[in-house]
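The block underneath contains the structure these notes are about, expressed in structure tokens.
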Amino acid sequence: ILGGKAAMLGEIPWQLLITEPNFGAASLISDQWAVTAAHVVNGVAKESIKLYGGLIDTTRTDVSPIPVEKVIVHSSYREALIQTNYNNDIALIKFRSKVKLGPNLLPICLPEVNRGVMEGEQGTASGWGASFQDNKWHRTTDILQHVDIPVMSLTECRKTPRLSNKAMTFTNNMFCAGGKGRDSCKGDSGGPFVSPMLSSGVGPHYLIGIVSWGSPCGKGGATGDKKGYYTKVENYVSWINEIKKNET
Amino acid sequence: YSTLLGWVESPGYPKGYLPHTSLNWTRCAPKGQTVSIRLIHLDLENSQDCENDAVKISSNGNLIALLCGERDYEELHETVNPLLFSSPGGCLTLLFHSDYSNTKRHTGFRGFYTLQDFNECEDEEINKCTHFCHNFIGGYRCSCRHGYHLDEDKHTCAGDCGENLSGLKRGQISSPFWPGEYAENANCKYTLSVEDHLQLELHFSEGFDVEQSPEGDCMDELRIETHSETLGPFCGNKPPPPPLLTHSSHVQIHFISDGSGTNKGFNLHFRTRDKVCRPLTSNSNMTLLKQEYHRGESATVTCDLGYVVDSAPGNLSRQYSTTCQSNGVWAPLYACEIVDCGRPNLGHDSILQLVNPEDQNTKYGSQIQFYCTSNFYTLEGHDTSTCKADGEWTLMPKCNEVCGMPETSSTGR
């Protein structure tokens, strides 16, 4: 997270940490399900996933990972050697048993199907990914970071950055958001973008986006205009509910 | 009691009693008899309220005579002696005393005491015979008019009635003395019994008249008991009960009267006919519903909604077929039991739990109430579920996770 600040325990209780085999995050959506980005868990064995909840500090060693029963990657997600299309970047994780909810571990609400994501709408992205702090770049942060950022216009989102000299695809299943010196970053993938933003103090908060992709954060410096792309969750609510129903 | 005969007299009689003389005399009677005294002579110093010299006679502690002065024999015989007797089985006490002086010599008193039989029949408090009372020495006994017998209480005369008419296929039954007034305190039992495939039919005659209070309660009553039900009580004087098809091979008719009234009673004739089956209506209904079914006729029984046949464990059918038997019984015959949804299997660690699970009624139509055991869940939908006729609960509420609401942490310093 660029331009963010440290979260307090219980401030973002739906935030889950994934440390292995890929570093990223997920969001708790019920006591037995989490949602993340497909590219974080695609192709990995469920037994190898180390997923934690109820914490903000990654250095805590007394927390046990939540055992994973199943990973369901969206069937339309396509992985490529050089990824230029993150369309349908969403996956569901089912826990082996229900987790015990508490003040530090609570689910995030899913949005209505046709809620819409408005230009200028302020939300909060959070994660333990790369940050620029104390004039230094850090690959990850120990304490969960969060930042309030506005949703950008479709016109701006369509101006996708070129990665590996390839044109990146922007679809209706995405939106982009960011601001001056404020962005999600590498290692935040799979984590939540919730609205209303946390600092508004108004709830409940809805998971309207999942951190998906963007330009390398360091490029253009730590204070330039940033733009991250997020999976538009409202397009997948029916898919999520259908899978949950079939799996119950 | 061998000593209960003799004289009682004042000390020194007939020469005269001295000052400061006294006598305390008591005799008690056996049960059913009294002790009496007949004074033949009384000559004591006279005084206001007999406060100087006196004879006090009391029965069981109650003063019945206070005597002094001079009384001639006739006066004693006519006005004093008739009072001097004890209660039956009680004690009679005579106290005599003289004071410190007499102005002249007085001879004193003399009386004859004896046992007397007490005539209980003349005492309404004691005599409870409803008909006749017979006194004898030491007691009494009751007897009854013709047509009555003495009840176990030895006082009440009860009308003789009741008969065992088993085996008779037709006949008459009537209250005692019909068509005259029936006996008081009657307790009659008439028994009718015929073969199993027959049932008894009762037809009451005109003139039915069994005592009824102005409020409509039965003072006397007629009841008819079959193997499955009791008909009645019947009373009143018009009209008689309708003809009764008892559906039973065995009938008992009870007629009970109290100790008063002047009513005619009842008369009925009975006969038999083949038994029929009656439609089953308890929590169920039958196809081709008829008033009665004859031997060999079949019907389908359908349990009411929410009831199932208890023919076999686990079989939740609502219908079965049955046939009328010669003895008026359906076979097979199953009860329609109310559906029981059972307690929903929520799991020991489920967030959703029942309120007061031990007290919840889980039968058809009843509701059970739920709650969520954790503050981090909210109950979706109603908090109740209803047991349906198919043995399933209506859609049960769900405990949904509270989402998107971090708990506001304290910022106090």
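The values are calculated or read from the model by the stated rules, or taken from the named source; none is laboratory data. What you are looking at is a predicted structure, and each value in this text was computed from that prediction instead of being measured. A quick note on method: Cβ atoms are made from the backbone with ideal geometry, for glycine too, and the neighbour counts reach across all protein chains shown.
Residues in region A:138-153 that are surrounded by fewer than 15 Cβ atoms within 10 Å (Cβ to Cβ) and either in contact with a Gly (Cβ under 6 Å, 6 or more places away or on another chain) or modelled with pLDDT of 90 or more (or both): A:D142, A:S153.
Within region A:5-39, how many residues turn out to be within 18 Å of A:P204 (Cβ to Cβ), outside any strand (DSSP E or B) and in contact with a strand residue (DSSP E or B) (Cβ under 7 Å, 6 or more places away or on another chain)? Counting residues in region A:5-39 that are within 18 Å of A:P204 (Cβ to Cβ), outside any strand (DSSP E or B) and in contact with a strand residue (DSSP E or B) (Cβ under 7 Å, 6 or more places away or on another chain) gives 7. I'd like to check something: does region B:190-203 contain any residue that is free of Cβ contacts under 8 Å to residues at least 60 places away in the same chain, touching a Lys or Arg at 6+ places or on another chain (Cβ under 6 Å) and either within 22 Å of B:C161 (Cβ to Cβ) or hydroxyl-bearing (S, T, Y) (or both)? Looking for residues that are free of Cβ contacts under 8 Å to residues at least 60 places away in the same chain, touching a Lys or Arg at 6+ places or on another chain (Cβ under 6 Å) and either within 22 Å of B:C161 (Cβ to Cβ) or hydroxyl-bearing (S, T, Y) (or both), one finds none in region B:190-203, hence no.
Residue-by-condition table, conditions (1) away from chain B (no Cβ under 14 Å); (2) more than 22 Å from A:T248 (Cα to Cα); (3) not hydroxyl-bearing (S, T, Y):
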| site | (1), (2), (3) |
| --- | --- |
| A:I1 | yes, yes, yes |
| A:S30 | no, no, no |
| A:V35 | no, no, yes |
| A:G43 | yes, yes, yes |
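The set of residues in region A:111-125 that are buried (at least 20 other Cβ atoms within 10 Å of the Cβ) and either over 17 Å from the mean Cα position of the chain (by Cα) or more than 14 Å from chain B (Cβ to nearest Cβ) (or both) comprises A:V117, A:A125.
Here A:W239 passes the criteria (1) within 22 Å of A:Y52 (Cβ to Cβ); (2) assigned to a helix (DSSP H, G or I) except the one numbered (1). If you go through region B:229-236 one residue at a time, do you hit one that is touching a strand residue (DSSP E or B) at 6+ places or on another chain (Cβ under 6 Å), part of a loop (DSSP other than H, G, I, E, B) and at negative phi? Within region B:229-236 (the criterion being touching a strand residue (DSSP E or B) at 6+ places or on another chain (Cβ under 6 Å), part of a loop (DSSP other than H, G, I, E, B) and at negative phi), the answer is yes, since at least one residue qualifies.
Within region A:10-28, the set of residues being surrounded by 20 or more Cβ atoms within 10 Å (Cβ to Cβ) and within 12 Å of another protein chain (Cβ to nearest Cβ) comprises A:I12, A:P13, A:W14, A:Q15, A:S27, A:L28.
Listed here are the residues, each with its yes/no results for (1) crowded, with 23+ Cβ neighbours inside 10 Å; (2) closer than 30 Å to A:P216 by Cβ.
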| site | (1), (2) |
| --- | --- |
| A:G54 | no, no |
| A:R60 | no, yes |
| A:E69 | no, no |
| A:D89 | yes, yes |
| A:L106 | yes, no |
| A:G127 | yes, yes |
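The set of residues in region A:80-110 that are assigned to a loop (DSSP other than H, G, I, E, B), within 17 Å of A:I210 (Cα to Cα) and either among the basic types (K, R) or more than 14 Å from chain B (Cβ to nearest Cβ) (or both) comprises A:N85, A:Y86, A:N87, A:N88, A:D89, A:I90. Close contacts from region B:91-112, counting a first residue that is assigned to a loop (DSSP other than H, G, I, E, B) and surrounded by fewer than 17 Cβ atoms within 10 Å (Cβ to Cβ) and a second that is among the aromatic types (F, W, Y) and at pLDDT below 90, with Cβ to Cβ under 6 Å and a gap of 6+ residues or different chains, come to none at all. When residues in region A:181-208 are screened for being out of contact with any Leu (no Cβ under 9 Å at 6 or more places or on another chain), closer than 20 Å to A:T141 by Cβ and more than 12 Å from chain B (Cβ to nearest Cβ), 6 of them pass. Taking region B:303-413 as the region of interest, the strands (runs of 3 or more DSSP E) fully inside it that hold 1 or more residues being within 14 Å of chain A (Cβ to nearest Cβ) and either of a type in the set (A, V, I, L, M) or over 46 Å from the mean Cα position of the chain (by Cα) (or both) are B:352-354, B:367-372, B:377-380, B:398-401. Among the numbered conditions (1) exposed (fewer than 15 other Cβ atoms within 10 Å of the Cβ); (2) under 23 Å from B:T230 (Cα atoms), the only one that B:K128 does not meet is (2). Of the strands (runs of 3 or more DSSP E) that lie entirely inside region B:244-298, those containing 3 or more residues that are surrounded by 18 or more Cβ atoms within 10 Å (Cβ to Cβ) span B:250-256, B:267-274. Is it the case that region A:132-147 has a residue that's part of a loop (DSSP other than H, G, I, E, B), within 14 Å of chain B (Cβ to nearest Cβ) and of a type in the set (D, E, K, R)? Within region A:132-147, none of the residues are part of a loop (DSSP other than H, G, I, E, B), within 14 Å of chain B (Cβ to nearest Cβ) and of a type in the set (D, E, K, R). With respect to the stated conditions, A:L2 is touching a Lys or Arg at 6+ places or on another chain (Cβ under 8 Å) and either under 20 Å from B:V402 (Cα atoms) or buried (at least 19 other Cβ atoms within 10 Å of the Cβ) (or both).
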